[in-house]
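The structure appears below as structure tokens.
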Amino acid sequence: MQRVSLATPLAAWDRPLRTWFTVLDRYRKASRPRDGAYWYNERATLSTLAGALWLSGALVLEEYATRRGGDGPEAGNGRTDLWCQIEASRFTIEAKQSKSSYRASPDKLESGASWQLDVAAKQCSNDNFGARKRLAMVFMVPRLREQPTEGDLEAWAKAVATFRADMKAYDLRTPALRSSTNGRFFPGVILLARIVRAPHR
């Protein structure tokens with residue numbers, strides 16, 4: 001079960017996101033024992049998206065030094081998660097995948113994603129060296145106690161459909177991969193992103 005939904009200003013992301021599904025599948029099939037590239041952390045998941053961007057013809061930089069404005073705890077020196085150029089458009093991206101990204105039921109997606117996007121948006125908007133176009137992004141990873149059915153995955157897809165975001169993509173499948181460390185089932189990953197306004201210069 002795969003889907004991409006994009007606001008008009010992000011139409012150029014369609015090819016990279018569909019390539020992302022291919023990258024995730026290639027990793028899953030090549031790993032022994034079977035492994036999900038998305039169930040570790042933000043950095044690991046973001047690396048698969050960066051790979052998909054390169055494969056689809058984009059230019060990419062990850063984790064480069066920057067400086068953030070504002071007066072919050074994020075102000076000062078830091079690192080930008082990802083910069084990319086797709087066709088003529090350049091994007092700065094701040095991504096999140098915290099413990100709240102791992103949800104046991106689709107009705108928890110809204111709360112888990114919203115606050116992470118808010119944090120990412122603040123960091124991204126205060127990036128002094130960011131591109132004109134900016135995205136706050138979160139990777140949500142269902143972590144289930146039981147092997148999901150197709151109906152279970154439909155419920156997750158519905159939760160994504162009702163969530164307010166400018167970019168939505170998910171790769172969900174059954175049978176889900178099962179972690180050898182905690183016994184939980186991981187059917188895939190959900191990407192949600194919002195357009196962030198760049199500061200006035």
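The values are calculated or read from the model by the stated rules, or taken from the named source; none is laboratory data. Not measured: the values here are computed from a predicted model. With ideal geometry, Cβ positions are generated from the backbone for all residues, glycine too; neighbour counts draw on all protein chains shown.
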Exercise for the section: Name, by its number, the condition in (1) touching a residue at least 24 places away in the same chain (Cβ under 8 Å); (2) surrounded by fewer than 18 Cβ atoms within 10 Å (Cβ to Cβ); (3) not basic (Lys, Arg) that does not hold for Gly151. Expected result: (1)
Fill in the blank from the handout: Only one of Arg3, Arg15, Arg28 is of a type outside the set (Asp, Glu), touching a Lys or Arg at 6+ places or on another chain (Cβ under 7 Å) and either closer than 26 Å to Ser100 by Cβ or surrounded by fewer than 19 Cβ atoms within 10 Å (Cβ to Cβ) (or both), namely Arg28
Practice task
Among residues belonging to segment 73-97 that are part of a loop (DSSP other than H, G, I, E, B) and under 17 Å from Ala198 (Cβ atoms), point out the one that is modelled with the highest pLDDT.
Solution key: Ala88
Handout entry: Residue selected from segment 94-119 under the condition free of Cβ contacts under 8 Å to residues at least 60 places away in the same chain and among the hydrophobic types (A, V, I, L, M, F, W, C), by the criterion nearest to Tyr40 (Cα to Cα)
Key = Ala95
Exercise for the section: Report whether or not Pro142 is at pLDDT 95 or above, buried (at least 21 other Cβ atoms within 10 Å of the Cβ) and more than 16 Å from the chain's Cα centre (by Cα). Expected result: no
Problem - Unique match (being among the charged types (D, E, K, R), surrounded by 17 or more Cβ atoms within 10 Å (Cβ to Cβ) and modelled with pLDDT of 95 or more) among Arg134, Arg194 - result: Arg194
Handout entry: Counted residues, segment 19-37 - those being free of Cβ contacts under 8 Å to residues at least 24 places away in the same chain and in a helix (DSSP H, G or I)
Key = 4
